[in-house]
Amino acid sequence: MTNQFSQKLCVITGAGSGIGRALALDLAARGAALALSDIDADGLNETKRLIGDQASNRIRFDRLDVADADAIAQYAETIRASLGAADYLFNVAGLTRIGSFEASPLSSFEQIMDVNFWGVVRLAKAFLPQLNETKGGLVNISSLFGLIGYPGQTHYSASKFAVRGFSEALAEELKDTGVSVTSVHPGGIATSIVRNAQLDALPEDLENRGEMEKRFNKAAITSAEKAADIILAGTAKKKRRVVVGGDAKFISFVQRVFPQSYMKILALLRPNDAI
């Protein structure tokens, strides 16, 4: 286990569950100082309980809505005043909706973009001055669906492609500053994201939400803990792109080789593994 993160201040959004919680637990064990936030206060309290008594760490917990621009600006100031300048910012907070473009109202797109994309941009803007001071790292969670488009996920894919594009462009802008920018693309991760997903319409080949969750659970081959370990290893190496999971690596490879026909190929090879 690397000690690179020991005593480094790591800011993590979405720390109340899934990958965000796994990152928080991993970094707490590595001796990092932590600023943990989530819109779900109960989930955040559970993360706090799981971390337990880390007397050697500086840790704070805050309820934060990443769709609230004013709250984010104030949050960055609060973190600096209470814990110092951030060394790493992990933009994990996000949500998904499921439903075809035709069935999804524009408000669904606006909500997804406000959280998944604008939340990342707002936090990056608020914390970049601190990262410039510490020569730290910005880590943005995109998705496998930020590498491929997938039916029923037009709003989610749009937001995650946007995170990818933002991250890659910003990484180039900051290449001479000492600040690293990493775009993370998880495949099927065993989290509650689909169970908590808002539903505009079921996929045509599914009859109910239970079938949808069962299909996702079959595809969720990587644990949140393993995902966190891969993300931290990539962050430590200042990688610009981290693809998490054998499924994500395979699918992204197929997309690169067959950019026009990858969906047909994936449907033949793995018809029941993805939503």
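Just so you know, in region 57-79 the residues that are under 23 Å from Val163 (Cα atoms) and hydrophobic (A, V, I, L, M, F, W, C) include one that is surrounded by the fewest Cβ atoms within 10 Å (Cβ to Cβ), and it is Ala73. Within region 232-275, if we keep just the residues that are basic (Lys, Arg) and farther than 18 Å from Asn91 by Cβ, the residue that is modelled with the lowest pLDDT turns out to be Arg270. Every test in (1) in contact with a strand residue (DSSP E or B) (Cβ under 7 Å, 6 or more places away or on another chain); (2) closer than 23 Å to Ser167 by Cβ is passed by Met113 save one, and that test is (1).
In region 242-263, how many are hydrophobic (A, V, I, L, M, F, W, C), in a helix (DSSP H, G or I) and in contact with a Gly (Cβ under 9 Å, 6 or more places away or on another chain)?
Narrowing region 242-263 to residues hydrophobic (A, V, I, L, M, F, W, C): 242-244, 248, 250-251, 253-254, 257-258, 263.
When the remaining residues are screened for being in a helix (DSSP H, G or I), the result is 248, 250-251, 253-254, 257, 263.
Now restrict to residues that are in contact with a Gly (Cβ under 9 Å, 6 or more places away or on another chain): 248, 250-251, 263.
Summing the residues that are hydrophobic (A, V, I, L, M, F, W, C), in a helix (DSSP H, G or I) and in contact with a Gly (Cβ under 9 Å, 6 or more places away or on another chain) in region 242-263 gives 4.
Could you list, in sequence order, all residues of region 144-189 that are in a loop (DSSP other than H, G, I, E, B) and in contact with a His (Cβ under 6 Å, 6 or more places away or on another chain)?
Hit for region 144-189 is Leu147, nothing else.
Listed by position, the strands (runs of 3 or more DSSP E) enclosed by region 1-111 that each have at least 2 residues that are more than 17 Å from Thr235 (Cβ to Cβ) are 33-38, 59-63.
Here are Gly137, Gly165: which of them is surrounded by fewer than 16 Cβ atoms within 10 Å (Cβ to Cβ), closer than 30 Å to Glu77 by Cα, within 15 Å of the chain's Cα centre (by Cα) and at pLDDT 95 or above? Sole residue among the options that is surrounded by fewer than 16 Cβ atoms within 10 Å (Cβ to Cβ), closer than 30 Å to Glu77 by Cα, within 15 Å of the chain's Cα centre (by Cα) and at pLDDT 95 or above: Gly165. When the residues of region 42-92 are filtered to those that are among the basic types (Lys, Arg) and under 21 Å from the mean Cα position of the chain (by Cα), the one that is modelled with the highest pLDDT is Arg63. Residues in region 80-98 that are crowded, with 23+ Cβ neighbours inside 10 Å and closer than 15 Å to Leu138 by Cβ: Ala86, Tyr88, Leu89, Phe90, Asn91, Val92, Ala93.
Summed over region 137-173, residues that are of a type outside the set (Lys, Arg) and more than 28 Å from Ala85 (Cβ to Cβ) total 18. The condition (being within 30 Å of Lys125 (Cβ to Cβ), at pLDDT 60 or above and surrounded by 16 or more Cβ atoms within 10 Å (Cβ to Cβ)) is satisfied by just one residue among Thr222, Thr182, Thr191: Thr182.
Do the conditions hold for Phe90, that is, is it touching a helix residue (DSSP H, G or I) at 6+ places or on another chain (Cβ under 9 Å), within 18 Å of Val243 (Cβ to Cβ) and hydrophobic (A, V, I, L, M, F, W, C)? Walk me through it before giving the result.
On the way: touching a helix residue (DSSP H, G or I) at 6+ places or on another chain (Cβ under 9 Å): yes; within 18 Å of Val243 (Cβ to Cβ): yes; hydrophobic (A, V, I, L, M, F, W, C): yes.
So Phe90 fits the description; yes.
Scanning region 236-253 for residues that are closer than 16 Å to Ser143 by Cα and in contact with a Phe, Trp or Tyr (Cβ under 9 Å, 6 or more places away or on another chain) gives a single hit, Ile251. Residue count for region 162-177 satisfying the condition of being touching a helix residue (DSSP H, G or I) at 6+ places or on another chain (Cβ under 8 Å) and over 14 Å from Gly119 (Cα atoms): 2.
The values are calculated or read from the model by the stated rules, or taken from the named source; none is laboratory data. Quick caveat: nothing in here was measured; it's all calculated off a predicted structure. Because the Cβ atoms are built from the backbone with ideal geometry, glycine has one as well, and the counts that use them run over all protein chains shown.
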